[in-house]
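The values are calculated or read from the model by the stated rules, or taken from the named source; none is laboratory data. It should be emphasised that the depicted structure is a prediction, and the values quoted were computed from it without experimental measurement. Don't worry about glycine lacking a Cβ; one is built from the backbone with ideal geometry, like all the others, and counts go over all protein chains shown.
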Amino acid sequence: MGIAIGTGTDVAMEASDLTLISGSLRGVVTAIEVSRATMRNVYQNLVGAFVYNTAGLPVAAGLLYPVFGILLSPLLAAAAMAFSSGDRCLEREPASPVPPCGGVRTCSTTCW
């Protein structure tokens, strides 16, 4: 992973994976914290989708009908599908928010 400081040359900033706009190296620590929080969120979403699909797929396929008599109506299936897509967007704020990144610039976006 390449890191450049915003006061450096343009070539270094273009070639780096992470560009610190300010001259402070504390932005590296903050960028790592933001990256870890993002990956933790990705893993949580992946596990949530796996659990949801593992539980919902047999019901949607009608596999539980012979045993329990459970069928899923198309209306409920559509609502469940919409909920599975939207539940992660409505996720609450993390218990310990990541501090402001103080000038870290990644992927052409700047934290403020």
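Selection over segment 1-15 of residues that are assigned to a strand (DSSP E or B) and small (Gly, Ala, Ser) gives a count of 1. Residues in segment 56-84 that are exposed (fewer than 10 other Cβ atoms within 10 Å of the Cβ) and either part of a helix (DSSP H, G or I) or among the polar types (S, T, N, Q) (or both): 6 in all. Annotation: residue 99 fulfils all but one of (1) of a type outside the set (Gly, Ala, Ser); (2) part of a loop (DSSP other than H, G, I, E, B); (3) under 30 Å from residue 24 (Cβ atoms); (4) at pLDDT 80 or above; the unmet one is (4). State which residue is nearest to residue 1 (Cα to Cα) when the search covers only segment 16-38 and only residues that are assigned to a helix (DSSP H, G or I) and of a type in the set (S, T, N, Q). Checked segment 16-38; the qualifying residue nearest to residue 1 (Cα to Cα) is 35. Please tell me if residue 4 is small (Gly, Ala, Ser) and under 30 Å from residue 84 (Cβ atoms). In short, no.
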